[in-house]
Structure formats: structure tokens, C-alpha cells
1. Using 10 Å bins from zero, what percent of all Cα-Cα pairs in region B:176-318 falls into each bin?
2. With a 10 Å cut-off between alpha carbons and a GNM built on chain B, which of B:409, B:366, B:247 moves the most?
3. So how far apart, in nm, are the two label points at residue A:342 and residue B:360 if each is 7 Å from Cα heading toward Cβ?
4. Could you pull the copy-to-copy label distances for residue B:393, with points set 7 Å along Cα to Cβ, in nm to one decimal and sorted shortest first?
5. For a quick check, take a GNM of chain A with Cα springs below 10 Å and name the residue from A:102, A:384, A:64 with the largest mean-square fluctuation.
6. Residue A:221 to residue A:28: FRET efficiency via 1/(1 + (r/R0)^6), r the Cβ-Cβ distance, R0 25 Å, to the nearest 0.05?
7. Could you tell me the distance between the Cα centroids of region B:222-241 and region A:344-359, to the nearest Å?
8. Cα gyration tensor of region A:100-237, axes a ≥ b ≥ c as square roots of the eigenvalues: rounded (a/c below 1.5), prolate (a/b > b/c) or oblate?
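Since every read-out is calculated from the coordinates, none of them should be taken as a lab result. Because the structure is a prediction, the values reported are computed rather than measured. For neighbour counting, all protein chains shown are included, and Cβ atoms are generated from backbone atoms with ideal geometry for every residue, glycine included.
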There are 2 protein chains.
Amino acid sequence: MAIVVQKFGGSSCADAEKIRRCAERVLASRERGDGVAVVVSAMGKTTDRLIQLANECWNAWRDAPGGGEGGEVAKGGAAPDPGLPRRELDQLLATGEQQTIALMAMVLEAAGQRAVSYTGAQAGMVTDRNFSRARIAAIDGEELLADIRAGRVPVVAGFQGVTDEGDVTTLGRGGSDTTAVALAAALQQAGAGRVVAEIFTDVDGVYTADPRVVPRARKLDAISYEEMLEMATEGARVMHNRAVEFGARYKVPILVLHSQREAPGTWIVEEAPKMEGIAVAGLALKTKLGRVTLTKIPDAPGVAARIFAGLAEAGVVVDDIIQTVVGDGVATVAFTVEHSDLAAIKPVLEAILHNLGGGHATIDVGFSKVSAVGVGVRSHAGVAAAMFKALAEAGVNIANITTSEIKIGVLIDQADGEKAMQAVHRAFGLDRAV
Amino acid sequence: MAIVVQKFGGSSCADAEKIRRCAERVLASRERGDGVAVVVSAMGKTTDRLIQLANECWNAWRDAPGGGEGGEVAKGGAAPDPGLPRRELDQLLATGEQQTIALMAMVLEAAGQRAVSYTGAQAGMVTDRNFSRARIAAIDGEELLADIRAGRVPVVAGFQGVTDEGDVTTLGRGGSDTTAVALAAALQQAGAGRVVAEIFTDVDGVYTADPRVVPRARKLDAISYEEMLEMATEGARVMHNRAVEFGARYKVPILVLHSQREAPGTWIVEEAPKMEGIAVAGLALKTKLGRVTLTKIPDAPGVAARIFAGLAEAGVVVDDIIQTVVGDGVATVAFTVEHSDLAAIKPVLEAILHNLGGGHATIDVGFSKVSAVGVGVRSHAGVAAAMFKALAEAGVNIANITTSEIKIGVLIDQADGEKAMQAVHRAFGLDRAV
């Protein structure tokens, strides 16, 4: 019996009818003779509603009739108040997935398919104590595998786990995908043989580029874990990195496919077969980037560490970093950040430069980054050169360049984003029909 | 440090502001130097909404576009479909209380009061496997007592528990009251000394009679567990019997009080002090009763058992039973049932009489039952006589009489309900100001 873990996201489970349609997928796999485990997210906007409720409770004293400043309630946003006790927030948010597992189990049972729901705790999804962004430490696949072998469908709550002490945790963004892949890994380790993780989403699969930016973008049949990780880091929003990392570590084949359409999807696997001569799997685009350039800073050991530790403490997420030594004991460090982080960054930079005893900060805004990702980058000579040539011919000026083993990224003017993507997409032959 | 368990129901926790007002009660007790544990129900109509969702999921295949009969969805009712898998229903419903505990803990933390939320499972509220109406088998009060002694407020989910195997259960109607009293008992057993269970409700306390029926009804300062049990059984809706039974068994003093008003409430205790000469604590009224009379049934061992086993199997809740042997080897058995059960009862009765090989069933409708409850009933002579006299003087005809050790109940015409209540209330001196 082949075993598959099927993961359905929140918008696929938004009401009873949508849950029923997900259940049809489960039943179809069962009819083919496969064993199935299901992972689900919270229904529709449930998590947002719970976060809103949490913020209201956290601010209830301030907003109380006649109590304090008042009137300034944060409405509509899905971001939890940073002061909220994280253990309690996770205790609250975990109820969303717990509702969906029970409802999905009911729908399956109503169709005559025996099903058993499992919260993260019940499934033995043990995590560390980093509430709101916990990491999975261990999963016990034995009980779930016994269910599957007995013809039952275990329905597991995504996004959540439990600490050794029994506290409920959540895994943060992309958590349900991670649950699904981690569960497939646990079933494999429990002796299930090869277990595929099917991630049902609102896209057909992974594309060579975002079709809204590059109309000739094609869906990939397969992509490697490595490439998917770089694509996601560089802005492709198909799957969260932690899920792909889990897949890579435990060699779980991941299939990304559309929840409402019968289409083949994209496999994320160890080695994706490539067409001859195509070095690049796909392109990713990040927009609204700011570039921070620190000049004339002391060229001494530990300086970079102090700069980026200071930024990390302030919660600033730093993208690419470039450092060059310009001689005379001074260096230049440049890095990119998202526009939304720029406001927070200025006082932090001033304090850092003050502590370093020198240097100057320049902040430029309005950049985009085009990244070409592919395992071929490391074996094919001239990939970078071909990319730069294509950009030059399209009249796109390059501000910064960064590379990794399987990626070349260029920082360009935001206005050139689409043009650059289309030019590079064509230059690497990604437009070609397969 | 005195320790108190404070229980807040669903309507008291319907939104952030209401939860904040409940938290004020907790903080007031903390300021007095008391240790506090909190038990909460699901917010407002949450449980009803979840039941509705469960019914939709259970019927999703029938109601699917183009799928089966359709159109016949049960809407608006809070009764779960009888076919629903009970384990999954409990898994679902338990999320309601889990949300409230987290939110209550946030509100307390926001006020600077350290708090820790506990699901039933986390609190070690172990039950049997009777999903939807589980009974508490054990509670571990040690961890919660350690919290309280460290100045923290444990906030425990009412209405829910967990089986030995880790399955989530719910306790059925009145479950959160039961949780609160059982928790107080567990804390006592863990060495906390006397622990009071404060049940915050939407009434001031327990009355000598329903004030809507008897305008001169008075709030009681105290009532005994025994009396409260009889009052609840006979229709007074202040607290559920299982909570009171727990209180009686573990000698937990229960204080019923209004959640929004500063009023003294009613104590439910072992021995309630009584005014000299007043034998009765209060009156209860049940309406919409039907009377079933089975005549000429064989007077043989096991006949009653067969009758009532048959009714129980059909889910009919039988109230008072009276049997009289009329001689000649035939007996008369009469019992009362609620009007809502009458439709289900006829085919059951026919089958039972057919099996017994004889007998005749008469069903009369439109009865009410007035019950006078008090420990004084067993020590005061003539209580029954005084009640019958009062009814006779008020022109109320008595259809059936049933008594227990501390109760006298009379079945009367429904139209005479109010008149009878007021006459008996006056006759027993319950109108008197204390």
C-alpha cells in the first residue's frame, strides 16, 4: 500500500462544502488503494479572527469604558500585539486547526471512511519551547501508521505541536506544510516505505517565474529541494522553506498541486531531471527593497558581527550582504532590507556607527531583486555572464550583485523589475515549451 | 491563604470587555489575599455555532451540489445530529473553552496578574470514555495548587476532560459547573484546606421559587446540597445536579452569585441554617408534563423492569413512577414524561404491552408538577398535609402525588400552576421577610 500525506490549507477548508471537496481527494486516493493521512489548517480567516480577539483582550484594560487612553484599538490587522503572552496566543490559535480536524473527520466518517482526528499533542508532534515559531523535535509515526494500515485516515492538525511539558505550541508561517512533510518523514521512519507529501494549494505548482510578471512563465514538472529553497528565499511564495528543508533532510517527495483543479502539479524532489542546456530552473522577484551602504567603517575583526547583531536585536531582517575592503583600514558594507523595515533601521544604524567610532550610512530605496536559481549554475560556465548580457541588452542597470552556489541575484531599479524578469526568462530559454 | 475557584459561564465571557469584567472579580479576590483558580465556558454562542458547523459537515454529502436529497439542512438548532461521531464532536466542542482560557489568561496578564491556561487534558481532568457526557474519574490538583501558591492564577477549561488514552471528552450539560466544583475538591485533596467554588451566573442565587411564577419569592442565603439536588431535579435551573453531587461528596462549599451585580448570593452547603418552623427550603415547578397510565398489566416480577428498560432504550426520560397493585394479578403503573417525549413514546408503549401480553395505555397531557423541597420534610410532621390543605383551599385538584425523603410533589392541571405555587409558597411561610 502506497502512503500519501495530503495537506489542505485554510482557504480549501473554509466551510463544510469545501471540506467535503477536500475529502473527495482523500476518498479518491483511498479508492486507488493508497493509505492516506490528512493535515489541515484552520478554516478560512479563523486565525486572523482569533488574533484580533487576542489583541482585543490584551488591550481590554486600556479600552475599557472610562479606562485609560482608549479609542486606539488595532482593528482588522492579523498581526498579534507584540506584548501578548506567546504561550497563551499559541493555546488560542491551536484551536483553529483542532476544529478543522474534527470537522474533516466527520465528513470522512459521513462518507463511510473511518477517520480519527489528532491534535498536534495527540499526534506526538513534539516541539521546542519557542512559542509562535516552534521547531519540531520529534514525531511519533507509529500510532498514525497503525491507523493507516487498519484502513483508517488519521487527520492531523497542522501548524501546531506540544512541548515536553505539555504546553501547546505553533510553528509559525508555513507551519501546516511543515507538519505535512514532517509527518511523511515520521511515517517513513516508522517503516511505511516511501511517503509522498501532497500539498494542495491555490496554484498549479511551481512556475519558472511569477506568471503575473512573466506571462510566458511555465509550470515546472519538477524542481529540486535546493532550488525550491532558493526560489522561496528569493520571493517565490509557493511553499515555506522549513517544509522544503524537512523534505530535503528526510528525502520526502513533495507534490505541490491545485486543490480545485485536476492538474499534475510540481514535484519537489532530490534531483529534478533537467532539459539539456537549461542551467536555470526558475526566476524569483523581490520588490520594495532598500539598500543600506555603510562606508568608511573600521576594517577590524568583529565589526560585521556587531553591525548585524545590532540589527537582529532590533528585529530587522537583512537580505543580501556585501562587504568590500577599500584599503586604509576602512571597509564598505552594503545590505538590503525590505522597505517596511527601513523606519526601524535608522536609529539602530546611528547607535551602531556611534559604537564603532566612525563610518557613514547611506540609505537608498526603490530596488527590486531578480534571482536566477538552478543547480546548473554551479556546473554551467557563463551563466552569470549570460544574465548580465541579457540585462544590459534590455537596458537594465545593475546596482548590486550577489551569488550563491545555485543562484545569481541582481539588485536593480524597481521600475525595471518586469522588463528584467522577462529578458532573463527569455535568455535562459525558460519560455520554451517542453 | 484562602483559595477560591471562580467559574464564569459563556454569557459572562461573550467578548473581550465581558472577559475583562470577569477578570475584575479575580483581581478583587487576589487583592484580598486569596488564591484563585478560574474555570470558564465557551464564549457566548460558540458551542451552538460549532454544533451547527458539525451538523453541516455531517450532512455535507447529502447537501452537496447535485448530491442526494438535499435542501433539508437542519438550521439554527443547537442539537447535534444524533449520528455524529461523538469523539470528533467532543474534539470540536472542546475548542470553545480552550479559546476562553487563553483569552482570560491574556486579560489577567495584561493587568499584571500572572496566569496560566489549562485545557482539560493539561489540567489532568481525566474522565471515562462516554463522549459528550463523560464523567470525571480523577483530577490532579497538585500542579494547579503549586501555581496558586506561587501567586499565579490557573485558568482551566470547563466542560472538558481527557481519557486515559488522550482522547478529548466533554462533560455534557452543566459541565463547567462540574469542572469548577471538581477542581475545588481536587485542590482540597491536594492539601489546599477549604476551597470555595464560586459559580457566577445570571441570577442572584437560589430562590424559594421562580420569581416569575411567585413574585414574593425570596433569595435564600443558604441551601443544603440535598435540597439543591431535589430543587434542580424538580425544575429549578440554577445549577446542574452533577456539580452539586460533586460538592456534596467532597464537601465543597458552593457560592452561587450574580456575575454583574454585587450581591451576596446563595451558599450551597452541607447544613443550611433554617428558620424555626419552616420545613421547606423552596418550591420548584415543572410544566408541560404528560401522564402515562398503564392499566391491567400483569403483576409479575420483572414487569416494571421490562417497561422502563424499553423506554430508556428509546431515549425517553421518565419522571415520577407510581405503581399500585389492584389485585387479580394485574397492576397499574403511572409515570410522567415531558410533552416533547410523547410522540416517541406511543410505538414504544405498544411494543412493550404486546410483549407483556396485555394491558392498556392511557396518555393524558397538560400537567404541571409543584414540588416542595426541604430537609424539614423528613422531621416535621404534617408537611404533606399542610401542602394538600393549601392546594385544596386554592381550589387546585391533585392528580398524582409522589414523595421522596425531602420532597413532596403533586401533579396538577397545568392551568393551576401559578396559583398552586403561590398558595403553597404562602402556606409554608416562604413569603416572610427574614
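1. Pairs per bin, as whole percents: 11, 33, 27, 19, 10, 1.
2. Residue with maximal mean-square fluctuation among B:409, B:366, B:247: B:366.
3. Here the modelled spin labels are 9.6 nm apart.
4. Distances to the matching label points in the other copies: 11.2 nm.
5. Fluctuation is largest for A:64.
6. Numbers: r = 21 Å, r/R0 = 0.85.
For R0 = 25 Å, the calculated efficiency reads 0.75.
7. 71
8. Working: a/c = 1.98, a/b = 1.48, b/c = 1.34.
Cα axes put region A:100-237 in the prolate bin.
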